[in-house]
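All remarks here apply to the structure that follows.
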Amino acid sequence: MMRRSPKRLAHPFIGGRTDEEELTSRPDHALVGVIRMPGSTISPVRSIIRRIIGAMLALAATVLIVYFGRDGYRDSAGGELDLLDAVYYATVSLSTTGYGDITPVTSQARLVNVLVITPLRVLFLIVLVGTTLEVLTERSRQAFKIQRWRSRVRDHVVVIGYGTKGRSAVTALLGDGAEPGRIVVVDTDQRSLETASAQGLVTVNGSGTRSDVLRVAGVPRARAIVVAPARDDTAVLVTLTARELAPKAQIVAAVREAENVHLLRQSGADSVVVSSETAGRLLGMATSTPSVVEMFEDLLTPDVGLAIAEREVEPQEVGGSPRHLSDIVLGVVRGGQLYRVDAPEADAIEAGDRLLYVKKVTPADAS
């Protein structure tokens, strides 16, 4: 049996009061670094190269303008302006150094400076220091995204724990067509959060046992919550906290040991998956019937092949037997309860039922 030490029961976050400032009391801009919204996928090196190319193009355009209009400029040292002088003037002008040794003296040259070279100067500065400006403004953009996201997020999925189980759950959600921006990952490991963010997921840095962290992740308004920490005792505490915040959400939890399933259900989990024993049974079956294990893997992989799905009952199917349908029906969901296809309750399909069936997935459906 799972043991819960007194120290564990005396967790400082149980009850919602801590000596620290609660996350829910902070303004949105103070949550930058706690919440991370998915951003651009362009690499920093590529971004810098693009800015350098833009700056060089602005410089080259200015050189050509000055060179072809060199009759309108005067060099304090005397002599006619050549290409090197044009490059020199363009460089000091765009960088706003402006030594004043080469100046426009005709009305036409001054007009070109006002209408062309000045905008090029502004463009040059933007693309040259754009990377620095981007870093400085990233916090403001993140704060704006967080504010907009928190005001709009509804019916999303929160995945607590982004280890092997959490990543697999997200893969299944994405395979079923879920939008990455509607999946929120809660974890304390920075590398896991960076991996989730690279997939376009919203991430929250914090412990899933803390009610304020779960509130920031939008758990009270979530449609479903996946509890997938590494430890069973943590899963119990997370489930208790999540159920208190979201009484109507679908909570699915994973445990390593079957003897802890009842604790998860008592804590409020709607479904509990025993990870270690399920994997162990598949390993045992693979030694004698490997083809059966291959079929299980095919059913659990949503990308291609066969997959287990759920659909609404068609009007013409009401009153009939699920065993006589063209689909391979595994069970009937009625009133939130699942009946296997061989159960007496599933002999006749009723209006409002949902069918659990095996469907064929093609690469086009997966994409």
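Readers should treat all values here as calculations from the given coordinates under stated rules, not as data from a laboratory. The structure presented is a predicted model; accordingly, all values stated were derived computationally and were not measured. Cβ: placed from backbone, ideal geometry, glycine included. Neighbour counts: every protein chain shown.
Out of the chymotrypsin sites (Phe, Trp or Tyr not before Pro) in the stretch 143-218, which ones are loop residues according to DSSP with at most 14 other C-beta atoms within 10 Å?
Sites meeting the loop and neighbour criteria: none at all.
How big is the Cα convex hull of the stretch 232-314 in projection, averaged over all directions, in nm²?
Hull-based average projected area comes out at 7.8 nm².
If you average over every viewing direction, what projected area does the convex hull of the Cα atoms of the stretch 303-366 give, in nm²?
Approximately 4.5 nm², given one-decimal rounding.
Relative contact order for the stretch 215-278 using alpha-carbon pairs under 8 Å, separation at least 6, rounded to a whole percent?
RCO, the stretch 215-278: 32 percent.
So for the stretch 154-302, what are the equivalent ellipsoid semi-axes in whole Å, largest first, each being the square root of 5 times an eigenvalue of the Cα gyration tensor?
One finds semi-axes of 26, 19, 13 Å for the stretch 154-302.
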